Amino acid sequence: MFLYKRLALLYTILLLSLTVKAQNKSFRVVPLGVKGGIDESNLSAYMVAPYGSSNYICLDAGTLHYGIQKAVANKVFTLPAEQVLRKYIKAYFISHSHLDHLSGLITNSPDDSTKNIYANADCIEVFKNNYFTWKSWANFANEGEKPQLNKYHYQVLTPGNEVHVEGTELKVQSFPLSHSNLQSTAFLVNSKGNYLLYLGDTGPDEVEKSHNLQNLWQAIAPLVKTGKLKALMIEVSFANEQPDKTLFGHFTPNWLMKELTALSQLTGLKTLQNLNIVITHVKPPQNQIERIKQQLRAGNQLRLHFIFPEQGKALAF
């Protein structure tokens with residue numbers, strides 16, 4: 001009887017511990033694609049929802065169907081991939097107009113459900129003039145060439161303005177980024193006062209001749225200090241051997257560490273060490289990806305917490 005009571009007590013403590021841990025989570029992130037470059041089955045796309053909710057937004061949409069299938073195989077979702085696409089993804093937030101960040105949205109559009117596409121003005125114009133046209137595909141949107149099929153509705157984002165995402169509990173604020181000669185976007189996702197920051201493709205301010213990252217760091221520093229920012233998702237496309245002149249608006253491990261050092265000067269090192277930093281958009285071949293990971297670990301003098309996401313495997317923050 002004593003042993004039974006002791007086991008029951010331990011079981012109760014374990015359940016309480018798991019409940020507390022779950023209550024401390026704010027976001028569930030399902031990577032549908034984690035790479036840049038030539039692997040069309042694994043291109044940038046991340047489903048994000050409040051923890052415990054099935055109302056997701058999709059941050060970029062390079063790969064959708066195959067990534068959802070991988071997530072279903074990993075028991076992240078119990079519905080078939082087609083239903084996850086239609087029922088769970090409530091809106092798309094596209095960081096910029098390059099195909100590796102939106103091709104999945106285009107090719108899956110015939111089987112998708114009605115929803116909004118949020119992006120900066122330049123990106124929306126590319127959708128209207130280059131992608132959802134009757135010569136290149138079909139116009140599934142509500143603007144552009146006629147006939148307009150009105151499945152997708154364009155929503156132009158104004159930097160700094162927070163928008164409530166229809167069908168979800170989430171709010172999103174956008175910030176401009178520099179991606180070579182193109183404007184990219186960072187999305188700050190708000191779930192009941194907790195935050196996740198996703199950056200589309202971008203390079204260091206020094207190379208890009210920009211102040212966009214410095215402005216972004218200043219905006220999020222208070223959230224890092226208070227522990228409200230739960231994750232920072234940022235790209236590292238190339239290994240350190242890549243010359244600056246051929247970065248084309250991307251990061252290397254060395255450049256990322258320089259920018260994160262600048263962020264630490266605003267937040268204090270200790271609070272930045274508590275932040276989850278998710279490395280996105282690593283470019284094949286695989287030996288380069290492994291070199292990027294090794295260089296990040298070797299150069300991590302700040303002792304930051306790096307996470308390397310895997311396609312179809314959920315993360316919680």
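Computed 3J(HN,Hα) for segment 103-119, one whole-Hz value per residue from the Karplus formula 6.51 cos²θ - 1.76 cosθ + 1.60 where θ = phi - 60°, is 5, x, 4, 5, 6, 8, 4, x, 9, 7, 9, 5, 6, 8, 10, 9, 6, glycine and proline marked x. When the listed pairs LYS90/LYS209; LYS128/LYS283; LYS90/LYS245; LYS75/LYS245; LYS225/LYS245; LYS258/LYS283 are checked against a 32 Å cut-off, the alpha-carbon distance exceeds it for LYS90/LYS209; LYS90/LYS245; LYS75/LYS245; LYS225/LYS245.
Sparsely packed loop sites in segment 118-182 (the trypsin sites (Lys or Arg not before Pro) outside DSSP H, G, I, E and B with at most 14 other Cβ atoms within 10 Å) comprise LYS135. Relative to the Cα centre, the charge distribution of segment 216-317, modelled as +1 at Lys and Arg Cβ and -1 at Asp and Glu Cβ, gives a dipole magnitude of about 320 debye.
Taking a ≥ b ≥ c as the square roots of the eigenvalues of the Cα gyration tensor, an a/c ratio of 1.5 or more together with a/b no larger than b/c marks the chain as oblate.
For the peptides 139-149, 25-35, the ranking by packing is 25-35, 139-149, with the highest mean count of neighbouring Cβ atoms within 10 Å listed first. Rounded to the nearest 20 debye, the dipole size of the chain about its Cα centre is 1460 debye, using +1 on the Cβ of Lys and Arg and -1 on the Cβ of Asp and Glu. Span-like helix criteria (full DSSP H runs; alpha carbon extent of at least 30 Å along the helix axis; mean Kyte-Doolittle hydropathy of at least -0.5) are satisfied in the chain by 2-23. Scanning residues 5 or more positions from THR133 or on other chains, those with amide H under 5 Å from its amide H are ALA138, with H placed 1.01 Å from N in the peptide plane. Where a ≥ b ≥ c are the square roots of the eigenvalues of the C-alpha gyration tensor, would you call segment 205-252 rounded, which needs a/c under 1.5, or, failing that, prolate if a/b is larger than b/c, or oblate? Oblate. Full extension of the chain between GLU162 and SER54 gives 36.7 nm of extra length, using 0.36 nm per residue less the Cα-Cα distance. FRET efficiency for the pair ASN240 and LEU79, taken as 1/(1 + (r/R0)^6) with r the Cβ-Cβ distance and R0 = 45 Å, rounds to 0.60.
Read-outs: derived from the displayed coordinates by stated rules, not from any lab. These figures come from a predicted structure and were not determined experimentally. Counting neighbours? That spans all protein chains shown, and the Cβs are built from the backbone with ideal geometry, glycine included.
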